[in-house]
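What follows is calculated from the coordinates using simple rules that are stated; it is not laboratory data. The model shown is predicted, which means the values in this text are computed figures rather than measured ones. Positions of Cβ are generated from backbone atoms using ideal geometry, with glycine treated the same way; all protein chains shown enter the neighbour counts.
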Amino acid sequence: PETLSALLEKWTPPSASGPRITKKVYGEAELRAAIDNRELINYYQPKVAVASGEVVGVETLVRWRHPVDGIVFPDQFIGVAEAFGLIDDLTQVVFTEAVTQAKAWRQAGLALRVAVNVSMDNLASLSFLNFVAELTAKIGVAPQDMVLEVTESRLMLDTRAPLEILTRLRLKRFRLSIDDFGTGHSSLAQLRDIPFDELKIDQGFVHRAWADETLRAMYDASLSLARQLGMEVVAEGVEDRNDWDLLYRTGCDLAQGTFMSRPMLAADLPAWIESWRERVRNELFVPAAGE
Ligand code: C2E
Ligand code: MG
Ligand code: MG
Ligand code: MG
């Protein structure tokens with residue numbers, strides 16, 4: 001059945017006829033207005049425990065529901081937000097919605113950890129940390145049920161501020177996740193110094209790693225490093241059964257990707273969980289004959 005989120009992802013406005021050659025670059029004023037007018041919408045993609053099939057959390061992925069251009073993806077506006085100093089406001093809007101949703105799910109009996117992507121620019125001062133800590137307490141969600149994902153490609157710790165703020169967040173019991181691991185240039189020393197709870201192996205080293213020796217080497221090395229450092233490991237970009245089976249064989253903790261589900265609206269999550277449980281029973285963990 002078509003879900004609302006699936007339909008929205010496919011929707012293109014009448015004005016957007018013909019293929020678009022170049023991606024539109026959005027400007028400061030337009031994005032400012034979008035933040036103020038609540039045009040940013042949170043989508044959520046499940047994170048699933050590989051050993052059991054259990055849905056343990058979701059990652060928040062923001063989309064811009066543009067009145068003319070339709071659904072705009074974050075690669076077309078996060079950089080703009082960072083460049084024009086709008087990223088604190090943007091992340092606050094996304095986080096507010098996410099923590100509110102986390103509370104609502106819990107009240108509905110769904111114990112999910114909710115992850116939010118955080119920009120390095122959010123870690124430049126104490127203001128974002130204070131906002132997050134105060135709001136989470138006010139809404140009544142345990143900090144350990146919120147995950148903050150920081151992408152490795154931007155993890156530059158030439159200044160002390162981000163390290164200090166990440167450490168303070170960790171001391172307040174928020175979970176920290178290093179995203180897109182393998183695409184950046186974080187040193188092993190940084191991995192030792194920053195108290196990450198979770199490591200996400202970049203999708204580029206996951207999908208088809210079962211078929212490619214080089215990818216497989218990088219996947220194995222990332223998994224093993226995370227293990228040695230005591231971090232929970234998430235594989236991103238799990239797109240098919242072969243990808244899933246590799247994670248299962250190698251003991252990866254969590255899986256995320258289109259094999260489970262694309263990002264969806266919060267309203268579609270309960271029905272998706274039902275259908276996923278059905279798949280787990282019927283396809284993924286079918287007992288061998290005679291068992
Ligand atoms: P990310 O945090 O690494 O998120 C994973 C991206 O991979 C998402 O793209 C997701 O839709 C996509 N994806 C999920 N499953 C699969 C799969 O099986 N195969 C493939 N090829 N891709 C998959 P999306 O939503 O376009 O987001 C792109 C990036 O934008 C995110 O990468 C994240 O770095 C950033 N981003 C998203 N939302 C926010 C936000 O609220 N704040 C900030 N600062 N950055 C955000
Ligand atoms: Mg992420
Ligand atoms: Mg990622
Ligand atoms: Mg990414």
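Determine the gain in length on full extension of the stretch LEU135-VAL68; use 0.36 nm per residue of separation and subtract their C-alpha separation, reporting nm with one decimal.
20.9 nm
Once you list every other residue whose beta carbon is under 12 Å from the beta carbon of PHE128, what net charge do they have if Lys and Arg are +1 and Asp and Glu are -1?
Residues near PHE128 contribute -3 overall.
Does the range 247-286 come out rounded, prolate or oblate by the C-alpha gyration tensor, with a ≥ b ≥ c the root eigenvalues, rounded set by a/c under 1.5 and, if not, prolate when a/b is larger than b/c and oblate if not?
oblate
Does the chain come out rounded, prolate or oblate by the C-alpha gyration tensor, with a ≥ b ≥ c the root eigenvalues, rounded set by a/c under 1.5 and, if not, prolate when a/b is larger than b/c and oblate if not?
Here the chain falls in the rounded category.
Identify, among TYR26, VAL99, ALA111, the residue whose Cα sits farthest towards the positive end of the charge dipole of the range 10-142, taking +1 on the Cβ of Lys and Arg and -1 on the Cβ of Asp and Glu, with the dipole about the Cα centre.
ALA111
Starting from the Cα-Cα distance between THR96 and ASN282, subtract it from 0.36 nm times their residue separation and give me the gain in nm to one decimal.
Computed gain between THR96 and ASN282 is 63.3 nm.
Just name one of ALA221, PRO143, MET264: the one whose Cα is farthest towards the positive end of the charge dipole of the chain (beta-carbon charges, Lys/Arg +1, Asp/Glu -1).
The residue sitting most towards the positive pole is PRO143.
For the chain, give the share of DSSP beta bridges that are antiparallel, in percent and rounded to the nearest 5; count only bridges with both residues there.
40 percent
Quick one: putting +1 on the C-beta of Lys and Arg, -1 on the C-beta of Asp and Glu, what dipole do you get for the chain around its Cα centre, in Debye to the nearest 20?
Values: 31 positive and 42 negative charges, 100 e Å.
That gives the chain a dipole magnitude of about 480 debye.
With the crude spin-label approximation of a point 7 Å out along Cα→Cβ, what separation in nm comes out for ARG106 versus ARG262?
3.1 nm
Roughly what percent of Cα-Cα pairs across the range 146-208 reach past 16 Å?
Values: 820 of 1953 pairs.
Here the long-distance tail beyond 16 Å is 42 percent of all Cα pairs in the range 146-208.
Let me have the 222 nm mean residue ellipticity of the chain computed from DSSP H runs of 4+ only, each contributing -39500 (n - 2.57), with the sum over all residues rounded to the nearest 500.
Value at 222 nm, helices only, nearest 500: -11500 deg cm²/dmol.
State the extension gain, in nm to one decimal, for the chain segment bounded by ARG38 and VAL56, taking 0.36 nm per residue of separation less the distance between their alpha-carbons.
Gain in length upon complete extension: 3.7 nm.
Between rounded, prolate and oblate, where does the range 63-133 land on the alpha carbon gyration tensor, with a ≥ b ≥ c its root eigenvalues, rounded for a/c under 1.5, else prolate if a/b exceeds b/c? Display every interim value, and only then the final one.
Working: a/c = 2.70, a/b = 1.24, b/c = 2.17.
Oblate, since a/c reaches 1.5 and b/c is not below a/b.
Go through ASN122, ILE178, HIS207 and say which Cα lies farthest out towards the positive end of the charge dipole of the chain; charges sit on Cβ, +1 for Lys and Arg, -1 for Asp and Glu.
Farthest towards the positive end: ASN122.
What FRET efficiency comes out for the pair TYR248/SER187, r = Cβ-Cβ distance, R0 = 25 Å, nearest 0.05?
0.20
Among LYS24/LYS47; LYS47/LYS172; LYS24/LYS200, which pairs are too far apart, with a Cα-Cα distance over 26 Å?
With Cα atoms farther than 26 Å apart: LYS24/LYS47; LYS24/LYS200.
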